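Please treat every number below as a calculation from the coordinates, not as lab data. Owing to the predicted nature of the structure, the values given are computational and were not obtained by experimental measurement. Neighbour counts run over all protein chains shown; Cβ positions are idealised from the backbone, glycine included.
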Amino acid sequence: MSRLADVSRRTYGQFCGLAHALDVVGERWTLLIVRELASRPKRYTELADALAGIGTSLLATRMRQLESDGVVQRRLALDQPGSTVVYELSSAGRELASAIVPLAVWGARHQMSDADACEEMFRAEWLLSYLAADFRRDGPHDLDAVYEFHIDDSVAHLRLHDGAVTVIPGPPPTPGDVTVRASAPTVAAIVGRNIALGDAVADGRLETSGDPTAIAALVTVIERHLAR
């Protein structure tokens, strides 16, 4: 069916890549669903919990549309009890997840303030989903390490193993190789390039401890990202 013939959705009706992309992801909450699935496959209830305020009916609508557009796919989670269905990004969805990282950086640089951090929720998992994309692209792909992030009261960890990069909410079952501590405003300022990574470390706003090799790899990945 022609996209213009699909009367169930709004369209810009323009033969332009940006317009067609916005036909798919321009609705409210859609890109945040992609952000949530960028870290790992999730159950429907996990998505609903992470996206407080979306409402069950609207989430169901967005998920159906993303499946129809080939951005999201569902499968049975064989590592979980029962017939648990999880949602994950397709190859096109993973490409989209990488494409929204610069948009998130732009938002951190130009549209966020310390006052926002006092009023809005934050999950360390969001930061790590973007960082995971950098590790997948830039490596090092032969490093096995666990990075534990404490951003204010939110904790998540990033696991590198056999070339795979996994983001998991909460602390690891055993202490990680590297522990990183910072406030959400500090992270936003670094991501938005409003303060230098080295300055944040020097004045104690960002603290790292653990294996020097793993710390050096983390710093390299972050600095490559900030240099783009």
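At-a-glance table
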item	result
Rg/Rh ratio calculated on Cα atoms of the stretch 47-149 (Kirkwood radius)	0.99
Neighbour-count order for L47, L158, L143, fewest beta carbons within 10 angstrom listed first	L143, L47, L158
Charge context of G210, other residues only, Cβ under 10 angstrom, K/R +1, D/E -1	-3
Net charge, V85 excluded, C-beta distance under 11 Å - Lys, Arg +1, Asp, Glu -1	+3
Net charge contributed by nearby residues that have their C-beta within less than 12 Å of T61 (K/R +1, D/E -1)	+2
Rg/Rh ratio calculated on Cα atoms of the chain (Kirkwood radius)	0.98
Cα-based Rg / Dmax (Å) for the stretch 97-207	13.9, 40
Convex hull volume per residue for the stretch 3-99, taking Cα atoms only, in Å³	105 Å³
